[in-house]
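Every number here is computed from the coordinates shown, using simple stated rules; none is lab data. Computed from a prediction, not measured in an experiment: that's the story for all the values here. Cβ atoms come from the backbone with ideal geometry, glycine included; neighbour counts cover every protein chain shown.
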Ligand code: NAD
């Protein structure tokens, strides 16, 4: 059944996600601060909303895809925001990658007003957003998850219920902390191998079938050669930009601090990616950290 979906945040990810909802036959009202992003949605068959209040009042479902927690808090809980204007029963889906505390606070406020809400951050990047093959990591009640699922199925391929409110964000930052740490580990090994006169291809052949095997090595090898599909073979064009990895590592550190978890390697990974980004690496793929570690 066709629903009216309000979509706020029509950027690199939100734009193609909203277009997929249009293609599936829904009426999509979009809002973004960027006029160009609004026009792109209109070209794809969506409608431009005059503002957040109008969009929220008209929608059966609201999806948000915003940069950070402060935007999400403002747009949901601020004056003239979604919670003030949506009808009780409106389904709310936030797919932005944000801090766990903000996700839980906004979902708590929405639930009190009778609006089921999930946090549903994604992985899969802009290619996955365009192809409708994103992975959604979802936090919220069973009922909210069940209500959100048909819409997530349109925008994604793998939809996982990770538990209660905020657990989608928790899954996303824990996964990306593993990835950031393991990419640094793999990169250090290639730098050491170079110094020891061990050929990169030989290290790849051995470690990819030995106990050093991991995704950062076998699906995203940080040096050119062994894996033709990895960004290392195209001058480290992203892929997944180092600035995005740094954002997620910082979110993991915030969560570690507020929950009292010990994550010493996560902290070190955040500080190495900070140095790398500050030295000009922020728009390169995150695997280019190997160049920073090598010093070239
Ligand atoms: P983006 O900067 O391209 O898009 C964000 C959009 O939000 C922009 O168009 C901006 O104008 C809009 N916006 C900001 N404040 C607003 C406001 N007050 N009202 C209306 N619109 C507003 O970012 P993106 O790459 O689309 O990422 C969105 C989210 O998805 C982020 O949380 C990011 O971490 C996450 N994410 C991105 C990727 C990726 O590969 N790009 C992958 C996974 C997750």
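Given the range 1-153 reduced to its alpha-carbon atoms as identical point scatterers, what log10 I(q)/I(0) does the Debye formula return at q = 0.09, 0.17 Å⁻¹?
Debye output, listed in q order: -0.23, -0.90.
What whole number of Å gives the distance from the Cα centroid of the range 56-125 to the Cα centroid of the range 224-296?
28 Å
For the chain, give the share of DSSP beta bridges that are antiparallel, in percent and rounded to the nearest 5; count only bridges with both residues there.
In the chain, approximately 15 percent of DSSP beta bridges are antiparallel ones.
Using alpha carbons only, how many degrees (0 to 90, rounded to 10) separate the axis of helix 142-155 from the longest principal axis of the chain?
Helix 142-155 sits roughly 70 degrees off the main axis of the chain.
Ranked highest first by the average count of other Cβ atoms within 10 Å around their residues, in what order do 249-262, 192-205, 120-133, 161-174 fall?
Answer by packing, highest mean first, reads 161-174, 120-133, 249-262, 192-205.
Just to verify a number: FRET efficiency for residue 57 and residue 154, C-beta to C-beta distance, R0 = 35 Å, to 0.05?
That pair, residue 57 with residue 154, gives E of 0.90.
Rounding to the nearest 10 and keeping the result within 0 to 90°, find how far the Cα-based axis of helix 242-259 lies from the longest principal axis of the chain.
Between the helix axis and the principal axis of the chain, the angle is about 80 degrees.
Bin width 5 Å, alpha-carbon pairs only: give the P(r) of the chain as whole percents, running from 0 to the bin holding the largest distance.
1, 6, 12, 15, 16, 15, 12, 9, 7, 4, 2, 1, 0, 0
Assuming R0 = 45 Å, can you tell me the calculated FRET efficiency for the pair residue 210 and residue 77, based on Cβ-Cβ distance, to the nearest 0.05?
About 0.35, to the nearest 0.05.
Taking a cut-off of 19 Å, what percent of all Cα-Cα pairs in the range 170-294 are separated by more than that?
Taking all Cα-Cα pairs of the range 170-294, the fraction more than 19 Å apart is 45 percent.
I'd like the FRET efficiency for residue 143 and residue 192, computed as 1/(1 + (r/R0)^6) with the beta carbon distance as r and R0 of 35 Å, rounded to 0.05.
E(calc), rounded to 0.05, equals 0.10.
Provide the gained length on full extension for the span residue 47 to residue 229, in nm with one decimal, where the gain is 0.36 nm per separating residue minus the Cα-Cα distance.
61.8 nm
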